[in-house]
1. Would you call Glu310 assigned to a strand (DSSP E or B), touching a residue at least 40 places away in the same chain (Cβ under 8 Å) and acidic (Asp, Glu)?
2. Take region 237-250 and flag every residue that is part of a strand (DSSP E or B) and either charged (D, E, K, R) or at pLDDT 85 or above (or both).
3. Mind checking which pairs have a first residue in region 269-283 that is closer than 25 Å to Ala257 by Cβ and in contact (Cβ under 8 Å) with a residue 12 or more places away in the chain and a second that is surrounded by fewer than 15 Cβ atoms within 10 Å (Cβ to Cβ) and of a type outside the set (D, E, K, R), Cβ under 6 Å, 6 or more apart or different chains?
4. Out of region 62-78, which residues are assigned to a strand (DSSP E or B) and either without any contact (Cβ under 8 Å) to a residue 12 or more places away in the chain or touching an Asp or Glu at 6+ places or on another chain (Cβ under 6 Å) (or both)?
5. Do we have any residue at all in region 42-53 that's exposed (fewer than 13 other Cβ atoms within 10 Å of the Cβ), under 30 Å from Leu162 (Cα atoms) and not assigned by TED's automatic domain parsing to the domain that holds Ser155?
6. Just to verify a result, which residue in region 146-164, among those that are aliphatic (A, V, I, L, M) and exposed (fewer than 13 other Cβ atoms within 10 Å of the Cβ), is farthest from Gln101 (Cα to Cα)?
7. Does Asn305 fit the bill of being more than 49 Å from the chain's Cα centre (by Cα), in contact (Cβ under 8 Å) with a residue 40 or more places away in the chain and not assigned by TED's automatic domain parsing to the domain that holds Ile187?
8. Just to verify a result, which residue in region 54-85, among those that are polar (S, T, N, Q) and more than 28 Å from Asp160 (Cα to Cα), is farthest from the chain's Cα centre (by Cα)?
Amino acid sequence: MNKRIILRLAVLMVLGVIFGYLLFNWIMEAAIHSRREVIVPDIKSKALFDALKTVSGFGLGLQIEGEEFDQDVPAGTVIRQSPYPGITVKEGKIVKVTISQGGEVIFVPELTGVEVRSARINIRSSGLSLGEESSKYSVVIEKGIVMGQDPQAGSIVERDSLVNLVVSAGYPPDDVKLMPDWTGKDIEIARHWAFDSQLSLEVREEKNDNLISGTIIRQKPEPDTDLEKVNKVVLVIASSAGDVVQMGQRFYYEIPAGGGSRQIRLALLDENGEKIIFNGARPSGSKLEVPINPVGQARMRIFINNVLVEEREIEVQQIDYNESGSE
């Protein structure tokens, strides 16, 4: 094949490509211009399904371009659209929309046990707002520490929701009596407190081999309860199946008359060893009543102003726990 024929074929191929390109553009432009023009409808504030139904009726398409949190617009509702309503476009045009996700939801952080200034910062950094901040005396929680919150930690709320705090005002004054936290403490200490506070005390036993017998497991009322509203205190203590228990026994002692106040110390000596059950100042001539819980043969050592003045034998009726059960 000579060079002249090859040149002609190359020219024909180039012309064919150019013709094909022009033909394609002509066909596409004709197709586009053949579409009718429509006016973009207003689909703002419509639910997504209704918006799609509306634009479809105009021969238009719909595309979700993004989502935003908006407390004033229900989730799944159109916030914005492009092209804007009223613009003339060809059929087949895609209308892009931004959809509302509704109000932003936030998990309330744990604030109990946190210093109040840190709690305020935590509230604001979480997208929430500080509500009412009240104070309350406490024998358990240090002053300036959050002891209560509303809503509770882990609650789901909307952004900018109010979080109320109850902050410890510290130890109460003498005229305010609150329930201590006796959990984990020995029952004898609580007995003395109840006696001194002139409160009715009910002690219940619960079998627990993991704790020392007499250790308080639960209490009612809860710590920091106002004792002015309490008629009776209930304490649940640990006991083993083999414990020998005498409940509700009292030791009575009349302090000798003469002189002023005297320092009285009572020491109970039984099969468990020696234990101080009372140590405090009392007026001369007054009577002392102390709840005791002796085990086996027991005697009471009586000290006045740190001097041993008397020892008394205590008769104890032995009650086997397995036979008596618990209340």
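1. So Glu310 does not fit the description; no.
2. Selection gives Ile237, Ala238, Arg250.
3. Pairs found: Ala281/Ser261; Ala281/Gln263; Pro283/Ser261.
4. Listed by number, the list is empty, since nothing qualifies.
5. no
6. Ranking the candidates gives Ala153 first.
7. Yes: the conditions hold for Asn305.
8. Ser56
The values are calculated or read from the model by the stated rules, or taken from the named source; none is laboratory data. In this text the structure is predicted, and so the values were computed from the model without any measurement. Because the Cβ atoms are built from the backbone with ideal geometry, glycine has one as well, and the counts that use them run over all protein chains shown.
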